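Following: one structure in structure tokens, then a few remarks.
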Amino acid sequence: MSPFSEIAPYYDQLMTHVQYRTWVDYTKEIIRRAGIKGNRLIDLACGTGEPTRFLNRAGFDVVGLDSSQEMLNIAQQKMPDVRFIEADIRDFQIAERFDIAVSYYDSMNYLLKEEDLNDCFSSVYNILNEPGILIFDMNTIHVLKDHWDSRIVVRENGDLFSIWENGHDPSTNISTLKLTLFVKEGRGYLRFRELHKERGYENGEVLRLLNAVGFKEAVVYHHLTFNPPDDETDRVMFVVLK
């Protein structure tokens, strides 16, 4: 079973701690500073469409794209008037063009090989107008190594209980999450299990790949700021201009 298949109906409940409204406000300021005037936006790896919903409310002409049909079904129920596309962010082709591409909440970390990142960046480059902008975040090697290694977290969200078992392989910079959900049903619980993997990349590796694809400028910020990242930064935001 692919990640985000069985947990799709419960994903929003698991992610109530993520302040997507703040992320979208930050995105709007990035776009303003970059001088991008168009409002055609594609939300890559949009999942159940929570950030898409805020982007839509902010006035962007938005399209969502994700590889999980289960997640997209939920997104479409929330926003019947928004178009959603089932496709892999590593290899997608769309005839139309966009001014802005975004990808939120470490979706790019799920691309475990440099070739995957390169293919994704190439696909995005091909659908962006010029000038256009790509905005995405990534978990850092620091947070995956120090916070995802040999750690077990138990959470309770109403009738939903979850166990997050993390491990990290320093030889590959790949962290593994074994996620177990217990969903109350009647007098018992349903159990679901999924395996998730994320790879940490050096910022320089990512910038090199972006440059090789043809993007003309890229900067990295400590997430939700316009400050450069440091050794303790947990999450970075890449701002990339075509």
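Listed values, structure above:
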read-out: Failed item, numbered, when GLN77 is tested on (1) within 19 Å of PRO9 (Cβ to Cβ); (2) modelled with pLDDT under 95; value: (2)
read-out: Residue that is surrounded by the fewest Cβ atoms within 10 Å (Cβ to Cβ) [pool: residues in segment 161-172 that are within 29 Å of VAL102 (Cβ to Cβ) and touching a strand residue (DSSP E or B) at 6+ places or on another chain (Cβ under 6 Å)]; value: TRP164
read-out: Count of segment 213-230 residues which are surrounded by 14 or more Cβ atoms within 10 Å (Cβ to Cβ) and hydroxyl-bearing (Ser, Thr, Tyr); value: 1
read-out: Selected residue (criterion: surrounded by the most Cβ atoms within 10 Å (Cβ to Cβ)) from residues of segment 1-32 that are part of a helix (DSSP H, G or I) and β-branched (Val, Ile, Thr); value: THR27
read-out: Some residue of segment 52-71 being modelled with pLDDT of 95 or more, of a type in the set (Phe, Trp, Tyr) and closer than 23 Å to LEU224 by Cα; value: yes
read-out: Qualifying positions in segment 168-195 - within 30 Å of VAL219 (Cα to Cα) and either touching a Phe, Trp or Tyr at 6+ places or on another chain (Cβ under 9 Å) or part of a helix (DSSP H, G or I) (or both); value: HIS168, ASN173, SER175, THR176, LEU177
read-out: Filtered residues of segment 108-129 (kept if part of a helix (DSSP H, G or I) and among the polar types (S, T, N, Q)); value: ASN109, ASN118, SER122, SER123, ASN126
read-out: Subset tally (residues that are closer than 18 Å to TYR221 by Cβ and among the basic types (Lys, Arg)) for segment 196-207; value: 0
read-out: Residue satisfying condition, being under 22 Å from TYR104 (Cα atoms), of a type in the set (Ser, Thr, Tyr), touching a Pro at 6+ places or on another chain (Cβ under 8 Å) and at pLDDT 95 or above, within set TYR201, TYR221; value: TYR221
read-out: In segment 151-193, residue farthest from HIS17 (Cα to Cα) [restricted to those that are in contact (Cβ under 8 Å) with a residue 24 or more places away in the chain and of a type in the set (Gly, Ala, Ser)]; value: SER175
read-out: Residue in segment 69-77 that is closer than 17 Å to ILE135 by Cα, buried (at least 19 other Cβ atoms within 10 Å of the Cβ) and out of contact with any Ser or Thr (no Cβ under 7 Å at 6 or more places or on another chain) present; value: no
read-out: In segment 54-68, residue farthest from GLU96 (Cα to Cα) [restricted to those that are touching a Lys or Arg at 6+ places or on another chain (Cβ under 6 Å) and crowded, with 17+ Cβ neighbours inside 10 Å]; value: PHE54
read-out: Among (1) touching an Asp or Glu at 6+ places or on another chain (Cβ under 6 Å); (2) free of Cβ contacts under 8 Å to residues at least 24 places away in the same chain, the one test that ASP81 misses; value: (1)
read-out: Selection status of LEU210, assigned to a helix (DSSP H, G or I), crowded, with 18+ Cβ neighbours inside 10 Å and either at negative phi or among the small types (Gly, Ala, Ser) (or both); value: yes
read-out: Residue that is nearest to HIS168 (Cα to Cα) [pool: residues in segment 112-133 that are small (Gly, Ala, Ser) and surrounded by 18 or more Cβ atoms within 10 Å (Cβ to Cβ)]; value: SER123
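The values are calculated or read from the model by the stated rules, or taken from the named source; none is laboratory data. None of the values given here were measured: they were computed from a predicted structure. Positions of Cβ are generated from backbone atoms using ideal geometry, with glycine treated the same way; all protein chains shown enter the neighbour counts.
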